[in-house]
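A short write-up of the structure that comes next.
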Amino acid sequence: MATSISTLMRVEEYLRLEPRADGLKDELIEGEIVMSPNAKPLHAKIIRRVTKLIEPLETSGYRLATDFGCRLGKYSLPGPDLAAIRSERWNNIAEDDYLVGSPELVIEVFSASNRKALMAQKAALYLR
């Protein structure tokens with residue numbers, strides 16, 4: 001179902017919301033709040049293994065990060081499972097702000113709770 005531009009939530013509005021108290025993780029994706037349950041142990045294990053595989057990037061001028069948000073335009077603040085960001089970009093983010101633009105490398109772990117359409121939407125969003 002298409003959403004009218006007038007009903008899309010902006011990042012600034014999203015950031016004014018109260019933190020969730022129900023244990024769900026949420027992200028703002030193209031003006032809509034998308035909720036998902038917290039990661040299960042298998043998801044965490046996969047992220048840990050992939051992190052070890054890409055750790056050599058840290059000696060090549062990249063920072064690896066999890067559990068952070070990145071501003072992608074006026075209507076999106078996704079939180080990648082794992083990302084690699086050039087160190088100079090990472091070091092220029094204020095401690096109380098978000099990365100602006102997509103990380104250089106984004107890793108999203110597909111799990112049973114993810115909808116294929118949402119994963120495709122997020123991939124397209126990061127690539128824009």
Of all stretches in the chain that avoid GluC sites (Glu not before Pro) placed in a DSSP loop and having at most 16 other Cβ atoms within 10 Å, the longest is 1-94
Separation of the range 6-52 and the range 54-68 by C-alpha centroid, Å?
-> 21
For the chain, the dipole about the Cα centre with charges only on Cβ (Lys and Arg +1, Asp and Glu -1), to the nearest 20 debye, works out at 500
With all protein chains modelled, accessible area of residue 75 [1.4 Å, Å²] | 50
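Per-residue ellipticity at 222 nm for the chain, helices alone: DSSP H runs ≥ 4 residues times -39500 (n - 2.57), over residue total, nearest 500 deg cm²/dmol? Could the numbers behind the result be given before it?
Working: 4 runs with 36 residues, N = 128.
The helix contribution divided over the chain gives -8000 deg cm²/dmol.
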So how do 68, 110 rank on accessible area, 1.4 Å probe, biggest first, that is with the largest at the start?
-> 110, 68
For residue 15, the accessible surface traced by a 1.4 Å probe with all protein chains present amounts, in square angstrom to the nearest 10, to 70
Among 52/74; 25/45; 25/74, the pairs whose Cα-Cα distance exceeds 27 Å are 52/74
accessible surface per residue for the range 51-111, probe 1.4 Å, DNA/RNA/ligands not counted, whole Å² -> 56
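Of the accessible area of the chain, with the probe set at 1.4 angstrom, what percent is carbon plus sulfur?
Details: 4610 of 8450 Å².
Of the solvent-accessible surface of the chain, carbon and sulfur hold 55 percent.
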To the nearest 10 Å², what's residue 35's accessible area with a 1.4 Å probe?
-> 100
Of the listed values (1) -0.35, -1.42; (2) -0.40, -1.42; (3) -0.30, -1.17, grab the one calculated as log10 I(q)/I(0) by the Debye sum over Cα atoms at q = 0.11, 0.21 Å⁻¹ from the structure here.
-> (2)
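The values are calculated or read from the model by the stated rules, or taken from the named source; none is laboratory data. Just so you know, these numbers come straight off a predicted model, no measurement behind them. Cβ atoms come from the backbone with ideal geometry, glycine included; neighbour counts cover every protein chain shown. With ligands, DNA and RNA removed, areas are computed over all heavy atoms of the protein, side chains included. Shrake-Rupley method; radii C 1.70, N 1.55, O 1.52, S 1.80 Å.
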